[in-house]
1. Exactly one condition in (1) at pLDDT below 85; (2) assigned to a helix (DSSP H, G or I); (3) within 24 Å of residue 162 (Cβ to Cβ) is false for residue 270; which is it?
2. Can you find a residue in the stretch 538-556 that is open to solvent by 20 Å² or more (accessible area, probe 1.4 Å), within 24 Å of residue 453 (Cα to Cα) and either in contact with a strand residue (DSSP E or B) (Cβ under 6 Å, 6 or more places away or on another chain) or hydrophobic (A, V, I, L, M, F, W, C) (or both)?
3. Can you tell me which of 211, 222, 229 is open to solvent by less than 40 Å² (accessible area, probe 1.4 Å) and on the phi > 0 side of the Ramachandran plot?
4. Being touching a Cys at 6+ places or on another chain (Cβ under 8 Å), outside any loop (DSSP other than H, G, I, E, B) and closer than 25 Å to residue 323 by Cβ is true for just one of 355, 367. Which residue is that?
5. Would you pick out the residues in the stretch 514-537 that are buried (at least 18 other Cβ atoms within 10 Å of the Cβ) and in a strand (DSSP E or B)?
6. Of everything in the stretch 567-598, what is assigned to a strand (DSSP E or B), among the aliphatic types (A, V, I, L, M) and either open to solvent by 50 Å² or more (accessible area, probe 1.4 Å) or at pLDDT below 90 (or both)? Give them in sequence order.
7. I want to confirm something. Restricting to the stretch 678-704 and keeping residues that are among the small types (Gly, Ala, Ser) and surrounded by 16 or more Cβ atoms within 10 Å (Cβ to Cβ), which single residue is farthest from residue 630 (Cα to Cα)?
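The values are calculated or read from the model by the stated rules, or taken from the named source; none is laboratory data. For clarity, every value in this text was computed on a predicted model and none was experimentally measured. Ideal geometry is used to build each Cβ from the backbone, glycine not excepted, and the neighbour counts take in all protein chains shown. Note: accessible area is taken over every heavy atom of the protein model, side chains too, but ligands, DNA and RNA are not part of it. Shrake-Rupley method; radii C 1.70, N 1.55, O 1.52, S 1.80 Å.
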Amino acid sequence: MADNMIKKTLLHIGIASAILLFSGNCLAQVFEDVTVEQQQGSTARITIKFTANVRYKRFVVSSTNDLASIYFEVAGLANDGKSVFEESRKWTDASVVPAFTARYFSQATQPAEKRLDLTFEAPLGSLKIVPSADEQSLVIEVTSTRSLQANPAPAPRQAATLPPMTLLPNDPSPSDREQSSLIDLTRGSIARQDYETAIAYLNRVLNMPPGTYSQEAQELIGIVREQLGETKRAQAEYELYLKLYPDSPDAARVKARIASLSAIEPAQTQTASSSPAKRKPLTTSWGGLSQYYYGGQSRIRDEFTITTPATGATEIDTRNISSVDQSSVVTDVNYNLRHRSGNWDSRFTFRDTFRSSFLDSQPSRNRLSAAYIDLKNDQATFETRLGRQTAASGGVLGRFDGAVVNYGFGSSRVRAGVELGQLSEPGLGGDKQFFGVTLDADKVFNNFGLEFFAIQQNAGSQVDRRAVGGEVRYFDAKRSFFSLIDYDVIFRELNIASAQGNFGFGEKLSVNFLYDYRRSPSLQRSNALLGLLGVSLSDLARTQTSDEIKALALGLTPVSRVSSLGVTYAFTPKWQFGADYRVSSVDGTIATPTLPASPATGNVKTVSTQLIGTSVFVPSGVLVLNSSYLTSPSYNAWLFGISTRFKAGNWALEPGFKYYAQDNAIGSNSRRFSPVGRFAYQFREKLSFEGEVNFEKTRTESQTSNEDLLSLFYYLGYRYDF
């Protein structure tokens with residue numbers, strides 16, 4: 001059986017590798033990975049990993065405990081909400097937590113802020129955010145209404161008689177049909193003695209609202225636990241059955257099962273303690289396919305005031321311009337395959353996005369964001385990732401094709417690693433290869449972790465970047481802190497110096513802060529090629545000295561600085577208030593023969609507030625009120641927004657609007673009103689539809705002209721999870 005699973009694994013990897021040969025680049029993606037891990041008892045942790053660093057700000061849970069929202073910021077992504085498509089990932093394995101969908105949004109009412117929604121198919125006992133061990137992840141700890149702790153599985157007992165099948169009602173509801181299908185799959189799994197899969201199906205039924213098949217599922221899960229030799233857990237499931245259905249005609253059969261378990265428990269305990277069971281090989285796969293149509297169009301009405309010099313008479317000249325700004329279909333495919341056997345855990349991940357554009361000004365593009373194999377051995381503390389991937393640390397600048405290998409020493413608190421590969425997007429100077437080494441230690445003392453790295457990157461035959469740096473990490477149940485230093489030894493300049501933290505004070509108050517200094521783009525000798533078409537570093541080195549190249553690169557690589565401080569206070573169980581103060585700036589750049597100099601932005605200061613209420617209108621509803629005031633040397637701006645979201649049956653609805661006003665230093669001003677509506681409809685267990693309509697009306701006035709701009713942006717599509 002294990003050989004068949006391995007053959008199946010290799011077949012899946014071969015098919016996916018063939019897809020890899022036809023994939024290229026472009027389009028941004030946000031999600032790197034979604035995982036769920038069991039903790040003790042009924043507790044589990046959901047980890048959402050991103051392709052860039054994230055900074056957590058605040059967390060909201062609906063009173064129905066089936067919808068959670070996390071507000072955060074993402075480093076390295078555009079804030080206009082259009083360069084990164086809104087993404088979703090669905091977790092369908094309900095053996096640990098109810099199936100859920102994770103959706104990433106660029107906030108319509110707060111452009112610098114992002115939002116992650118977790119929508120569960122069944123309520124949970126509780127949800128809370130907990131500190132993450134890295135800067136690229138958000139971790140949510142959940143407790144289920146059911147005990148989900150997994151134990152090693154002893155040898156199965158002799159097959160037990162299954163209860164009679166529950167008949168489908170004459171007029172079944174969609175929920176009845178879904179539960180009936182899951183029960184059929186459960187019985188088939190039991191017949192094959194595939195009890196882990198049977199438990200997964202049964203948990204999906206039991207996590208749904210009570211229905212026709214809930215009683216049968218409750219008895220079946222006790223039988224499956226009994227077949228696995230988990231006597232205490234089987235007894236607990238049977239006792240729960242008697243509490244839920246004490247007057248059932250089948251209660252006598254369940255009581256008899258409890259009595260038989262009580263008789264064999266001492267013997268089973270002795271056997272389990274003397275010879276622990278070996279983990280059974282297990283192969284699982286999951287993924288999804290989505291397609292969305294993105295459309296947008298605008299109409300501009302300009303009014304120019306024309307003055308006749310001779311007479312002083314004035315007249316208004318009006319012009320109307322209409323255009324289609326966006327028209328494309330975006331197709332996203334993701335596939336995951338995992339095989340566990342003994343101490344080995346292997347996984348294949350594939351994600352690709354293709355944008356088919358219908359506009360000549362926007363070419364069709366493809367982006368292969370991930371295609372890698374993970375291999376881990378728990379006993380040897382060895383792990384490696386091979387293929388296209390995004391670096392989590394180690395000084396690598398983005399997505400690359402290559403390998404990362406780590407080996408743990410002793411208790412595996414200390415790990416040494418090597419990283420090598422080629423950046424998947426060449427950029428200036430052509431293909432860029434790198435090689436680096438890392439040394440990482442977790443929990444060196446008092447929850448502190450450290451990492452050191454050294455890396456060299458080449459552009460063609462020239463050294464492009466040579467850097468050393470490290471990270472300091474700290475996290476416990478209430479606090480987290482990360483800092484990163486990246487120092488380029490060629491330039492003798494800081495590339496990145498960043499520190500961020502989150503601190504909780506009791507259950508009501510939390511504080512977050514950020515200081516981020518970084519060269520943008522990242523400091524490299526090839527930045528000297530900005531504005532020089534068809535020139536390599538080797539070509540430039542023939543006409544300029546090394547110091548001249550470094551000076552040119554430094555002049556074209558401005559420093560970006562961001563400082564922010566935020567607080568969140570929950571003053572009632574239903575209401576919480578958040579406030580943020582942020583100061584940012586970007587240095588100017590020098591002029592070149594092909595590029596003009598760019599001025600520094602000066603300090604841009606922003607004060608933002610957010611009031612969030614849950615269960616304001618409906619039990620599953622969340623109401624958000626936003627306001628921001630921004631001041632800078634070139635303009636001042638105000639932003640006010642309101643949005644609400646709630647569930648209604650299979651529908652998730654989110655209407656809202658924002659009002660934006662800007663006064664420019666040159667004397668002009670703009671006012672924009674933007675209503676927006678978003679929906680998601682769960683049509684079947686694995687098929688959902690989503691859409692959004694965003695309308696903007698902008699009025700810009702100056703002494704000599706007025707402009708009215710009407711814009712409409714929308715998307716509509718589906719997602720199928722398998």
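1. Result: residue 270 fails condition (3) only.
2. For the stretch 538-556, residues open to solvent by 20 Å² or more (accessible area, probe 1.4 Å), within 24 Å of residue 453 (Cα to Cα) and either in contact with a strand residue (DSSP E or B) (Cβ under 6 Å, 6 or more places away or on another chain) or hydrophobic (A, V, I, L, M, F, W, C) (or both): present.
3. 229
4. 355
5. Of everything in the stretch 514-537, those that are buried (at least 18 other Cβ atoms within 10 Å of the Cβ) and in a strand (DSSP E or B) turn out to be 514, 516, 518, 519.
6. 567, 570, 586
7. Of the stretch 678-704, the ones among the small types (Gly, Ala, Ser) are 680, 688, 691, 702.
Next cut, surrounded by 16 or more Cβ atoms within 10 Å (Cβ to Cβ) only: 680, 688, 691.
On the way: 680: 33, 688: 39, 691: 31 Å.
Ranking the candidates gives 688 first.
A quick yes/no check of all residues on (1) over 26 Å from residue 194 (Cβ atoms); (2) hydroxyl-bearing (Ser, Thr, Tyr); (3) part of a helix (DSSP H, G or I); (4) modelled with pLDDT under 80:
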site	(1), (2), (3), (4)
235	no, no, yes, no
240	no, no, yes, no
247	yes, no, no, no
253	no, no, yes, no
257	no, no, yes, no
262	yes, yes, yes, yes
266	yes, no, yes, yes
288	no, no, no, no
